[in-house]
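Chemist: Provided herewith is a single structure, encoded as structure tokens, for subsequent inquiry.
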Amino acid sequence: MFARFGTLLIIAISAVLVFSVTADAINVDSVGPESSYDNYIWTGSTQYSRAEFNEPFGTVYWYVRGPGETGFGTLVYTDYGDGTSKSSQFKHTFNSGTTSGKEYEITAYVYPHSDAADQSVDWDSYTLTVWTPPEEVITHQTNSQ
């Protein structure tokens, strides 16, 4: 009987420890365009992105990965938290697209505030398609002749 009680006690304590550690971890609640309708833009346009977190962040690294890049892509912007903010904004101008749409992946990679009990990191991404208007391609080709 005591062995069974001891086993149940160990399971209960383990569950409390697991849930208390993960409850303090920073999480990306959402990442995406500032406006819900702009998962695509035209060449030369600026994309405004936003990430929301479950607690104040320490640092957010914003990456852009284009075709042919590996990993997270290129680090484009670093946002340092103020100890209270649970959101980060990012903007980037995309000068390269195609008439069939060139896909980029935008990633917010977040570190918790230095006072957080759990120093685990998190990240999330979304895809942006950059289009070149057909009239720009036709005009460019006509001028080059």
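The values are calculated or read from the model by the stated rules, or taken from the named source; none is laboratory data. Being a predicted model, the structure only gives us computed values, none of them experimental. Note: ideal-geometry Cβ built from the backbone for every residue, glycine included; neighbour counts use all protein chains shown. In case anyone asks, the SASA skips ligands and DNA or RNA and just uses the protein heavy atoms, side chains included. Shrake-Rupley method; radii C 1.70, N 1.55, O 1.52, S 1.80 Å.
Chemist: Which condition number does V21 fail, the rest of (1) surrounded by fewer than 12 Cβ atoms within 10 Å (Cβ to Cβ); (2) at pLDDT below 65 being met?
Modeler: It is condition (1) that V21 fails.
Chemist: Go through region 92-123 and report how many residues are under 22 Å from N54 (Cα atoms), open to solvent by less than 50 Å² (accessible area, probe 1.4 Å) and not in a loop (DSSP other than H, G, I, E, B).
Modeler: 7
Chemist: Quick one: is S35 farther than 16 Å from D124 by Cβ, of a type in the set (S, T, N, Q) and without any contact (Cβ under 8 Å) to a residue 24 or more places away in the chain?
Modeler: On the way: farther than 16 Å from D124 by Cβ: yes; of a type in the set (S, T, N, Q): yes; without any contact (Cβ under 8 Å) to a residue 24 or more places away in the chain: yes.
It is true that S35 is farther than 16 Å from D124 by Cβ, of a type in the set (S, T, N, Q) and without any contact (Cβ under 8 Å) to a residue 24 or more places away in the chain.
Chemist: So which residues in region 112-128 are modelled with pLDDT of 95 or more and of a type outside the set (A, V, I, L, M, F, W, C), if there are any at all?
Modeler: Correct list: D122, D124, S125, Y126, T127.
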